[in-house]
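Report on the structure given below.
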Amino acid sequence: MLEIEQLKALVIDALEDVKASDIKVIDVEGKTSVTDVMIFATGNTSRQVKALANSVITRVKEQGVKPFGTEGEDHGEWALVDLGDIVVHIMQPSIRDFYNLEKLWGEDSPSISQDQAK
């Protein structure tokens, strides 16, 4: 089993291999009970978004990590790869700008209390 830092590096390498742009890593530990890290990347076309998601999935599987789930890779506007400790969001620029998830989950977002986490 890969440590979270190794998994993060693996995901970033997989994204860079397919020329993702604007890769951002946000630590959301304590802000959500869903995951510890969110990685955001932009693919300029639906084809690139699909290729980026496939690259991440293939690369982690080669290292024995089975994704918990994937969403959206059929349409290619926004693909999500759930790796448990890390959730990867790959979006076309207009979708990424519209939802602006980095702002939602970034440093300004509130932390969850222990009561909310249960």
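Read-outs: derived from the displayed coordinates by stated rules, not from any lab. This structure is a prediction, so every number in the text was calculated from the model and none was measured. We place every Cβ from the backbone using ideal geometry, glycine too, and count neighbours over all the protein chains shown.
Just order 78-90, 9-21, 41-53, 61-73 by mean Cβ neighbour count inside 10 Å, highest at the front, would you?
78-90, 41-53, 9-21, 61-73
Treating only the Cβ atoms of Lys and Arg (+1) and Asp and Glu (-1) as charged, compute the dipole magnitude of the stretch 1-40 about its Cα centre; round to the nearest 20 debye.
Roughly 160 debye, rounded to the nearest 20.
Using the Cα centre as the reference, give the magnitude of the dipole from point charges on the C-beta atoms of the stretch 4-109 (Lys, Arg: +1; Asp, Glu: -1; all else neutral), rounded to the nearest 20 debye.
Here the stretch 4-109 has a charge dipole of around 300 debye.
Quick one: what does P(r) look like for the chain with 10 Å bins over all Cα pairs, in whole %?
14, 47, 31, 7, 0
Just to check I understand the Karplus step: with θ = phi - 60° and J = 6.51 cos²θ - 1.76 cosθ + 1.60, what whole-Hz values come out for the stretch 71-76, glycine and proline as x?
9, x, 5, 5, 8, x
For residue 85 and residue 44, what does the FRET efficiency come to when R0 = 25 Å and r is the distance between their Cβ atoms, rounded to the nearest 0.05?
Step by step, r from the Cβ atoms, then E = 0.35.
How many lysine pairs in the chain, separated by 8 or more positions in sequence or lying on different chains, have Cα atoms less than 16 Å apart?
Lysine pairs satisfying the spacing and distance rule in the chain number 7.
Relative to the longest principal axis of the C-alpha atoms of the chain, give the angle of the C-alpha long axis of helix 4-17, reported between 0 and 90° and rounded to the nearest 10°.
Tilt relative to the chain: about 30 degrees.
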